[in-house]
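The structure under discussion appears below in the form of structure tokens.
The values are calculated or read from the model by the stated rules, or taken from the named source; none is laboratory data. Since this is a predicted model, take the numbers as computed values, not measurements. Neighbour counts run over all protein chains shown; Cβ positions are idealised from the backbone, glycine included.
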Amino acid sequence: MMLILGSFVVVALLGQNVEVSAKDSCAFPTYTFSNNSKDWNHMKKSCVELVEKQVQVELHASMTYLAMGAHFSQDTYNRPGFAKLFFEAATEEREHATKLLKYLSMRGQLTKDLGDIIQKIDPLKEFWQSGVSALEDALSLEVHVTRTIKHIIKICDEEPNDYHFVDYLTTEFLDEQHRGQRDLAGKLTTLGKMKNGPQKELAEFLFDKKLLNGEV
């Protein structure tokens, strides 16, 4: 009976376009019939612009990893394990860019042509002296990407707070970034120890085999 009565009260309120005061509703947002449909895609302009820039950052990282993979695939270097690692990293970074574009689309903010978002993308480097130098550059690149993501989170966390986007970046991107940095740091440590061991002349060759077999 109470449920039915409550329903009639709600209908009556809606029909009369009555607002409940903030005091009565514990400051819960009140509702009046208005053209709210225009606000469905609201997202802070500064956040949108930073996401568009982050797409470029992710694609730069992808191209750099692609260059790394190609470098270690050359017959004059022939390190298939390193090539596999970096080709996979290139795919991951490209997927990150795709995720960001899809998010903008979901929020109704993918309003520019792709050519206006993605500028000319070149790898940041195309030659590496050794596997160690490539891993060091990869770790440095990941640290840079992490910093740009944290900057976006900081800006979008300010008023008006975009709770959903901040949570999305934290769970979908930031967690993976920290794990990736730890993985690269561990690989650098392992290779460094091997290069200082009894088989130091074969260290990079043996480490490459471990990479190829997923042992490190």
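Evaluating Asn78 against the criteria (1) over 26 Å from Glu176 (Cα atoms); (2) at pLDDT below 95 leaves one unmet condition, (2). Evaluation of Gln199 against the conditions (1) at pLDDT below 90; (2) closer than 16 Å to Val57 by Cβ shows that the sole unmet condition is (2). Contact map, region 190-208: residues that are closer than 16 Å to Tyr77 by Cβ paired with residues that are small (Gly, Ala, Ser) and assigned to a loop (DSSP other than H, G, I, E, B), Cβ distance under 9 Å, separation 6+ or inter-chain. Pairs shown: Ala203/Gly197; Glu204/Ser130.
For the residues Leu50, Leu13, Leu85, Leu66, the requirement of being among the aliphatic types (A, V, I, L, M), in a helix (DSSP H, G or I), modelled with pLDDT under 70 and out of contact with any Asp or Glu (no Cβ under 8 Å at 6 or more places or on another chain) singles out Leu13. Quick one: would you say Asn196 is farther than 16 Å from Phe82 by Cβ and more than 19 Å from the chain's Cα centre (by Cα)? Against the criterion (farther than 16 Å from Phe82 by Cβ and more than 19 Å from the chain's Cα centre (by Cα)), Asn196 qualifies. When the test is whether a residue is acidic (Asp, Glu), under 15 Å from Ala90 (Cα atoms) and surrounded by 15 or more Cβ atoms within 10 Å (Cβ to Cβ), Asp137 passes it. Of the residues making up region 115-122, none is within 21 Å of Met194 (Cβ to Cβ) and either of a type in the set (Gly, Ala, Ser) or buried (at least 18 other Cβ atoms within 10 Å of the Cβ) (or both).
What do you reckon, is Leu191 in contact with a Phe, Trp or Tyr (Cβ under 8 Å, 6 or more places away or on another chain), closer than 15 Å to Gly81 by Cβ and surrounded by 15 or more Cβ atoms within 10 Å (Cβ to Cβ)? When the stated conditions are applied, Leu191 passes them. Of all the residues in region 148-159, those that are assigned to a helix (DSSP H, G or I) and loosely packed, with under 12 Cβ neighbours inside 10 Å number 1.
Sort through Gly108, Gly180, Gly186 and tell me the only one that's of a type in the set (Gly, Ala, Ser) and surrounded by 13 or more Cβ atoms within 10 Å (Cβ to Cβ).
After ruling out the rest, the residue left standing is Gly180.
Residues are listed down the side, and each one gets a yes or a no for (1) in a loop (DSSP other than H, G, I, E, B); (2) within 21 Å of Val145 (Cα to Cα); (3) in contact (Cβ under 8 Å) with a residue 40 or more places away in the chain:
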position: Asp75; (1), (2), (3): yes, no, no
position: Thr91; (1), (2), (3): no, yes, no
position: Arg94; (1), (2), (3): no, yes, no
position: Tyr103; (1), (2), (3): no, yes, yes
position: Leu110; (1), (2), (3): yes, no, no
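The residue of region 112-147 that is nearest to Leu211 (Cα to Cα), among those that are in a helix (DSSP H, G or I), without any contact (Cβ under 8 Å) to a residue 60 or more places away in the chain and among the hydrophobic types (A, V, I, L, M, F, W, C), is Leu135.
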